[in-house]
1. So, SER183, is that one within 26 Å of HIS119 (Cβ to Cβ) and exposed (fewer than 14 other Cβ atoms within 10 Å of the Cβ) or not?
2. Scan the range 235-260 for residues that are open to solvent by 60 Å² or more (accessible area, probe 1.4 Å) and more than 15 Å from LEU203 (Cα to Cα) and jot them down.
3. Just to check your reading of the model, which residue among VAL118, VAL181, VAL159 is closer than 20 Å to THR239 by Cα and either in a helix (DSSP H, G or I) or aliphatic (A, V, I, L, M) (or both)?
4. Can you name the residue in the range 28-51 that is open to solvent by 40 Å² or more (accessible area, probe 1.4 Å) and among the aliphatic types (A, V, I, L, M) and, of all such residues, is modelled with the lowest pLDDT?
5. Tell me which of these ALA195 doesn't satisfy, since it passes every other one: (1) part of a loop (DSSP other than H, G, I, E, B); (2) more than 17 Å from VAL154 (Cβ to Cβ); (3) in contact with a strand residue (DSSP E or B) (Cβ under 7 Å, 6 or more places away or on another chain).
6. Would you tally the residues in the range 204-234 being hydroxyl-bearing (Ser, Thr, Tyr) and open to solvent by 60 Å² or more (accessible area, probe 1.4 Å)?
7. Looking only at residues that are in contact with an Asp or Glu (Cβ under 9 Å, 6 or more places away or on another chain) and open to solvent by less than 20 Å² (accessible area, probe 1.4 Å) in the range 261-293, which one is farthest from GLY152 (Cα to Cα)?
Amino acid sequence: MRAAVVRSFGGPEVVDVVERGVPEPAARQVRIKVAAAALNPVDAGVRSGVFGGAGKEIGLGWDVAGTVDAVGVAAAWSVGDKVVALAYGVDKPLGTHAEYVVVDTGAVAAAPATADAVHAATLPLNALTAAQALDLLDLAPGASLLVTGAAGAVGGYAVQLAARQGLTVTGLARADDEEFVRSLGASGFVSGEAAAGAYDGVLDTAVLGEPALVWARDGGAYAGVIPQAEPASVRGVRTTAIEVSADGARLAELVRLADDGVLSLRVAEVFSLADAAKAHSRLGEGGARGRLVLVP
């Protein structure tokens, strides 16, 4: 099979599409024939060496939508099942940017019934990140939440999920994104500087870091999306950062919300697996509203 890997760190040019053996599932694992796999900023981080792993060949890709084509013992899925999954790991030998991928059964959920594979592939990593970050904030219904990067993939899911939880959501994004962010369920919108100390919680999907703390009230909460990179607490603000975990049951809940129209699955552009390096170049340009998706 073909798979996108890096063997040295750098820009998009270090992404190679190589031939590798088709992986075999062990007990409580399934093999998925990949129909689509999203490209995320974490892949650019892996490619550029942010997470280490020098000297290894590292597979790229975390999200997958496709069809189960082989199962291990006690796999709980059947050949032919249409699924989505999260293949967690920054230094795995093979990722989802491949023709086949093996994942643990606990990372798998049935695919959305209302979306094609390209759109379904945008759900696992970003929606799980948003949902688990909101868990960390642990805000009660009626509390106020500022979501930075509210028009982005994680931020957009966060706005929709937070509004559904009964939070009063304000989105921070570019001025020309206001109509879109409000359509996701944000009751407030800011572009530039938000009011200091105005929010019970801040979900910082734009990775602003310490400057975003000023917008949380004294004793409020802040959650970032870069693991172990949260800013130090000030004014009693509780600070934390999400390290997303594969959770098939939670992913199934998010799939249901997508099928119910609560979550919007957004695709910016589609690339062939052979053009993985081009997709990385496009990711680096920024400005995409929705995910870039690779198809084998």
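The values are calculated or read from the model by the stated rules, or taken from the named source; none is laboratory data. Everything quoted here is computed from the prediction, not taken from an experiment. In this analysis, Cβ positions are derived from the backbone assuming ideal geometry, glycine residues included, and neighbour counts consider all displayed protein chains. Side chains included, ligands, DNA and RNA excluded: accessible areas come from the protein's heavy atoms. Shrake-Rupley method; radii C 1.70, N 1.55, O 1.52, S 1.80 Å.
1. Working: within 26 Å of HIS119 (Cβ to Cβ): yes; exposed (fewer than 14 other Cβ atoms within 10 Å of the Cβ): yes.
So SER183 fits the description; yes.
2. First, pick out the residues of the range 235-260 that are open to solvent by 60 Å² or more (accessible area, probe 1.4 Å): 235, 238, 243, 249, 253, 256, 260.
Hits for the range 235-260 are ARG235, ALA249, GLU253, ARG256, ASP260.
3. Values: VAL118 fails: closer than 20 Å to THR239 by Cα; VAL181 fails: closer than 20 Å to THR239 by Cα.
Among VAL118, VAL181, VAL159, only VAL159 is closer than 20 Å to THR239 by Cα and either in a helix (DSSP H, G or I) or aliphatic (A, V, I, L, M) (or both).
4. Here the residue is VAL50.
5. Only one criterion is unmet by ALA195, namely (3).
6. To start, the set of residues in the range 204-234 that are hydroxyl-bearing (Ser, Thr, Tyr) comprises 205, 222, 233.
Filter again for open to solvent by 60 Å² or more (accessible area, probe 1.4 Å), leaving 233.
Adding up the residues that qualify gives 1.
7. LEU273
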